[in-house]
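Notes for the one structure printed next.
The values are calculated or read from the model by the stated rules, or taken from the named source; none is laboratory data. Source: prediction; values computed, not measured. Cβ coordinates were reconstructed from backbone atoms using ideal geometry, including for glycine residues, and neighbour counts include every protein chain displayed.
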Amino acid sequence: MKIRYSVCAALLALSVYAQTPAGGAAFRELYLRREAEAAALYQRKEYAGAAAIHEELRRRPELAKHEEDYAHVLYNLACEYSLAGDKDRALAALREAVASGLVSSSSIRQDGDFEPIRNHSGYKELLTALDAKERPARMLWNSPALRTPFREDLPEDEKVAGLSRLWSEAKFNFVYFDRLDGIDWDGLYLLYLPKVRRTKSTLEYYQLLAEFSAKLKDGHSGVSYPRQLGEKLGWPLLNTAFVQGRVFIQAVRDPELAAQGVKPGVEITAIDGVPVKQFGAERVAPFRGASTPQDLEIKVFEYSLLGGPLDTPVVLTLRDAAGLEVTRSLPRKSGAESDKYPHEPYKAFEFKVLPGNIAYVALRSFGDETCSKQFDANFEAIRKTDAIIFDVRENGGGSSNVGWDILGYLTDRPFQSTQWSTREYRPVWRAWNRPERQYSDPGYAIQPHGSDPYRKPVIVLTSPRTYSAAEDFAVVFDAMKRGRTVGEATGGSTGQPLSIPLPGGGSFRLCTKHDRYPDGREFVGVGLLPTVPVSPTVEDLRAGRDTVLDAAVRLLTTR
């Protein structure tokens, strides 16, 4: 999944302020500049200084005419005053922000900036009143009626209700219906109703829901199974790689498998007696939502290919480099079991210096601030190198701000975030036969880390596993024209999912946000196309060589 904005209130505001406020371009320029200055002060924990900037903006008549921006300035003021210890001003600003109708009780409760005022009687009274105001909407959108407990076979009414909720929520919230060539969503719903009624178990039911949601053809939309079903599924302790249109074993964690000849570099030609491509197309792909062909290939042949019931082994037909074929029956292991086997600890961030004084910086997750904090901690050492290779080939996303924060070390000028849009449905417009509009946001200026950036060559490595917030990182880097991208096209899927609970303890999510390059170019549904295309080869896989990294090193050392 991908978190689009930072949890910090001051940084969150920057994402919202991209609409041109009332007052024109001159005020917009001033507004974004002052917002960036406030964000920088907030990051340095100079909360009073940030509040002074927001007080200045608050008094501008141009801002008062733009309710969303005005509400977020007030919200940020509340956060900053709270952190600065000025409880009365924090509550006053928070009351005004709440009065706008654009701030929810859940966002306030989840925001750590309000920890200093949690026990204040005024804060408690405000939240109590806001809870009462929001109760009707909560019952409409988040009623507990469909949060039913898990059973091995859900009642038919609950199954129908779950399908109906997925269908109806998508109609109002999914952002990419325009890309589905006039799909008859209602017709699909009618087609799946009898199928759902015929299911004999909750597992079979959830498989049908996954198949239904996969019709949206989106990597940020799909069904998550209940925990009780997930506990019954497992995988052999090995990783697969899809290379040059073939499936290979990339790594093996179970020593017993290695003793049977199941080792890296061996090709999988069939699964349970079915040719591997046919198996993937028929038994895996129909249940996986994907935004691009490369996205689907990775989900089918690397992430999901060998999964299945724990009590059922998977039978693989294997072919070695010499062409010798063998058949092996491999047990599936649960997540808890697999943790008992030897494995290298996962590292979200890795930094090392390669020959040629090249900094290799692997950024494997933006799920928290580990990468940005570790990059900052190592920046003085990285500064001494003659080039940087950022590797985001295994980064599935998280918060875009984490990656953009790192890019701020590569320039001394502000640079632009991605653009985005979402649907703007108004019931009365539908009654008047008016077309639905799009709410568009052109992005915002991201500030650099000071005036002495890293100015030497930079390369970013990408793959189809570069996803979501990691794609936002690569796209903004590409738009900065700060260096080259090397590797394969990214997954082509980013956005903001909306998560909805389902009967039986599962859930589904729908992509509600359409992101684009800072200049408006598309990359969702396409992927970032690297400036230097390089793909792994079978020969290098079997030899243990990194085709893409080696190519990047050659580019930097032979210039």
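Test Gly187 against the criterion of being surrounded by fewer than 18 Cβ atoms within 10 Å (Cβ to Cβ) and on the phi > 0 side of the Ramachandran plot, and give yes or no. It is false that Gly187 is surrounded by fewer than 18 Cβ atoms within 10 Å (Cβ to Cβ) and on the phi > 0 side of the Ramachandran plot.
Look at (1) surrounded by fewer than 15 Cβ atoms within 10 Å (Cβ to Cβ); (2) of a type in the set (A, V, I, L, M); (3) over 26 Å from the mean Cα position of the chain (by Cα); (4) over 21 Å from Thr240 (Cα atoms) and you find that Ile358 fails only one, number (1). Among what's in the stretch 526-546 and is small (Gly, Ala, Ser) and on the phi < 0 side of the Ramachandran plot, pick the residue that is surrounded by the fewest Cβ atoms within 10 Å (Cβ to Cβ). Filtering the stretch 526-546 for residues that are small (Gly, Ala, Ser) and on the phi < 0 side of the Ramachandran plot, the one surrounded by the fewest Cβ atoms within 10 Å (Cβ to Cβ) comes out as Ala543. If you go through the stretch 429-455 and keep only what is among the charged types (D, E, K, R) and either more than 18 Å from Asp376 (Cβ to Cβ) or loosely packed, with under 11 Cβ neighbours inside 10 Å (or both), you end up with Arg430, Arg434, Glu436, Arg437, Asp441, Asp452.
Considering only residues that are touching a residue at least 40 places away in the same chain (Cβ under 8 Å) and either basic (Lys, Arg) or within 24 Å of Thr494 (Cβ to Cβ) (or both), which ones fall in the stretch 196-210? The answer is Arg197, Lys200, Leu209, Ala210. Being in the same structural domain as Trp404 (by TED's automatic domain parsing) and more than 22 Å from Ser468 (Cβ to Cβ) holds for only one residue in Asp546, Asp519, and it is Asp546. The residue pairs whose first member lies in the stretch 223-252 and is surrounded by fewer than 18 Cβ atoms within 10 Å (Cβ to Cβ), whose second member is among the aliphatic types (A, V, I, L, M) and in a strand (DSSP E or B), and whose beta carbons are closer than 7 Å, counting only pairs six or more residues apart or on different chains, are Asn239/Ala251; Gln250/Ala241; Ala251/Leu238.
In the stretch 71-90, which residues are modelled with pLDDT of 85 or more and buried (at least 21 other Cβ atoms within 10 Å of the Cβ)? I'd like the intermediate steps shown before the answer.
Step one: of the stretch 71-90, the residues modelled with pLDDT of 85 or more are 71, 73-90.
Once the filter is applied, which keeps residues that are modelled with pLDDT of 85 or more and buried (at least 21 other Cβ atoms within 10 Å of the Cβ), the stretch 71-90 yields Val73, Leu74, Tyr75, Asn76, Leu77, Ala78, Cys79, Glu80, Tyr81, Ser82, Leu83, Ala90.
Among the residues making up the stretch 406-451, those that are of a type in the set (Gly, Ala, Ser) and either in contact with a Gly (Cβ under 8 Å, 6 or more places away or on another chain) or under 20 Å from Phe390 (Cα atoms) (or both) are Gly408, Ser417.
Do you know which of the residues in the stretch 475-494 that are touching a Gly at 6+ places or on another chain (Cβ under 8 Å) and part of a loop (DSSP other than H, G, I, E, B) is nearest to Arg393 (Cα to Cα)?
First, pick out the residues of the stretch 475-494 that are touching a Gly at 6+ places or on another chain (Cβ under 8 Å): 476-477, 489-494.
Next cut, part of a loop (DSSP other than H, G, I, E, B) only: 489-494.
Working: Ala489: 10, Thr490: 8, Gly491: 10, Gly492: 13, Ser493: 14, Thr494: 15 Å.
For the stretch 475-494, the residue satisfying everything is Thr490.
Screening the stretch 262-278 for residues that are part of a strand (DSSP E or B) and in contact with a helix residue (DSSP H, G or I) (Cβ under 9 Å, 6 or more places away or on another chain) and picking the one that is farthest from Ala241 (Cα to Cα) gives Val274. Within the stretch 279-296, the set of residues being outside any loop (DSSP other than H, G, I, E, B), crowded, with 22+ Cβ neighbours inside 10 Å and touching a Leu at 6+ places or on another chain (Cβ under 8 Å) comprises Gly280 only. Among the residues of the stretch 406-459, those that are among the aromatic types (Phe, Trp, Tyr) and in contact (Cβ under 8 Å) with a residue 24 or more places away in the chain comprise Tyr409, Phe415, Trp420, Tyr425, Tyr444, Tyr454. Does the stretch 319-341 include one or more residues that are buried (at least 16 other Cβ atoms within 10 Å of the Cβ), in a strand (DSSP E or B) and free of Cβ contacts under 8 Å to residues at least 60 places away in the same chain? Looking through the stretch 319-341, at least one residue is buried (at least 16 other Cβ atoms within 10 Å of the Cβ), in a strand (DSSP E or B) and free of Cβ contacts under 8 Å to residues at least 60 places away in the same chain. Look at the stretch 118-131: where a residue is of a type in the set (Asp, Glu) and a partner is in a helix (DSSP H, G or I) and surrounded by 12 or more Cβ atoms within 10 Å (Cβ to Cβ), sitting 6+ places away or on another chain with Cβ atoms under 6 Å, you get Asp131/Ser105. The condition (being touching a residue at least 12 places away in the same chain (Cβ under 8 Å), under 29 Å from Val266 (Cβ atoms) and crowded, with 24+ Cβ neighbours inside 10 Å) is satisfied by just one residue among Gly492, Gly487: Gly487.
Selection within the stretch 27-64: residues that are within 20 Å of Gly443 (Cα to Cα) and among the charged types (D, E, K, R). The member of this set that is farthest from the chain's Cα centre (by Cα) is Glu62.
In this structure, does Phe523 turn out to be closer than 27 Å to Asp368 by Cβ, of a type in the set (A, V, I, L, M, F, W, C), part of a loop (DSSP other than H, G, I, E, B) and in contact with a helix residue (DSSP H, G or I) (Cβ under 7 Å, 6 or more places away or on another chain)?
Working: closer than 27 Å to Asp368 by Cβ: yes; of a type in the set (A, V, I, L, M, F, W, C): yes; part of a loop (DSSP other than H, G, I, E, B): yes; in contact with a helix residue (DSSP H, G or I) (Cβ under 7 Å, 6 or more places away or on another chain): yes.
Yes; evaluated as a whole, the condition is true for this residue.
In the set Phe351, Phe301, which member is modelled with pLDDT of 95 or more, of a type in the set (Phe, Trp, Tyr), part of a helix (DSSP H, G or I) and in contact with a strand residue (DSSP E or B) (Cβ under 6 Å, 6 or more places away or on another chain)? Give the derivation first.
Values: Phe351 fails: part of a helix (DSSP H, G or I).
After applying the criteria, what remains is Phe301.
Of all the residues in the stretch 148-170, those that are under 21 Å from Leu498 (Cβ atoms) and not charged (D, E, K, R) number 9.
Quick check on the stretch 241-255: of everything there that is among the β-branched types (Val, Ile, Thr) and in contact with a helix residue (DSSP H, G or I) (Cβ under 7 Å, 6 or more places away or on another chain), which residue is farthest from Pro464 (Cα to Cα)? So that I can check it myself, show each step before the final result.
First, pick out the residues of the stretch 241-255 that are among the β-branched types (Val, Ile, Thr): 243, 247, 249, 252.
Now restrict to residues that are in contact with a helix residue (DSSP H, G or I) (Cβ under 7 Å, 6 or more places away or on another chain): 243, 247, 252.
On the way: Val243: 12, Val247: 15, Val252: 22 Å.
Taking the candidates together, the pick is Val252.
The criterion of being surrounded by fewer than 14 Cβ atoms within 10 Å (Cβ to Cβ), modelled with pLDDT of 95 or more and among the polar types (S, T, N, Q) holds for Ser201.
Flag: Ala129 does not match the condition of being touching a helix residue (DSSP H, G or I) at 6+ places or on another chain (Cβ under 7 Å), farther than 30 Å from Gly230 by Cα, of a type in the set (A, V, I, L, M) and not assigned by TED's automatic domain parsing to the domain that holds Tyr225.
Among the candidates Lys299, Lys347, which residue alone is under 20 Å from Ser463 (Cα atoms) and surrounded by fewer than 18 Cβ atoms within 10 Å (Cβ to Cβ)?
Numbers: Lys299 fails: surrounded by fewer than 18 Cβ atoms within 10 Å (Cβ to Cβ).
Step by step, each of Lys299, Lys347 is checked, and only Lys347 is under 20 Å from Ser463 (Cα atoms) and surrounded by fewer than 18 Cβ atoms within 10 Å (Cβ to Cβ).
Based on this model, can you work out whether Tyr123 counts as under 30 Å from Arg135 (Cα atoms), among the aromatic types (Phe, Trp, Tyr), at pLDDT 90 or above and surrounded by 16 or more Cβ atoms within 10 Å (Cβ to Cβ)? Yes; evaluated as a whole, the condition is true for this residue.
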